[in-house]
Amino acid sequence: MKQRIRPLSPHLTVYKPQLTSVLSIFHRITGSLVGLSIVLSFILFYTNVIYPGSSFQYCLFFDLFSVLSIIASAFGYFLIFVISFHVINGVRHLSWDLAYGLEIKNLYTTGMIVVTLVSVILIITILI
């Protein structure tokens with residue numbers, strides 16, 4: 001009898017990713033990134049209060065290193081994406097806690113609304 005090679009238990013590669021599971025995973029990831037950004041913001045604020053530099057130093061820094069300015073802008077846009085996704089998807093999760101929109105059709109509809117709203121917010125932010 002020929003033995004077939006099978007995984008010992010169900011694995012992630014067996015399952016097809018669904019919109020609801022992907023948004024749930026990204027909600028957890030963005031929550032961690034929002035928390036990390038808050039901690040880093042406090043650290044940067046604290047170091048700027050304790051060790052203030054002159055505005056000339058900051059202007060010279062960004063004039064000499066314009067690439068860093070582009071990276072900082074990209075990071076800002078990424079942070080806006082992360083925060084807006086987490087907040088909008090958080091409202092979606094709060095509606096689930098109140099037992100609204102738990103039907104399969106509503107889950108996918110609200111998921112697409114979240115993706116659309118986050119995309120619109122990001123595009124508007126980039127254009128401004």
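Just so you know, all these numbers are worked out from the coordinates, no wet-lab data involved. Just so it is clear, the structure is predicted and the values come from calculations on it, not from any experiment. Neighbour counts are summed over all protein chains in view; Cβ atoms, including those assigned to glycine, are modelled from backbone coordinates with ideal geometry.
Rounded to the nearest whole Hz, the Karplus-based 3J(HN,Hα) values (6.51 cos²θ - 1.76 cosθ + 1.60, θ = phi - 60°) of the range 111-120 follow the sequence x, 5, 5, 4, 4, 5, 4, 5, 5, 5, with x at glycine and proline. Working note: Karplus 6.51/-1.76/1.60 with θ = phi - 60° gives the range 84-90 the couplings 5, 4, 5, 5, 5, 5, x Hz, where Gly and Pro are set to x. Using the Cβ-Cβ distance between ILE128 and PHE45 with R0 = 35 Å, the FRET efficiency computed as 1/(1 + (r/R0)^6) comes to roughly 0.90.
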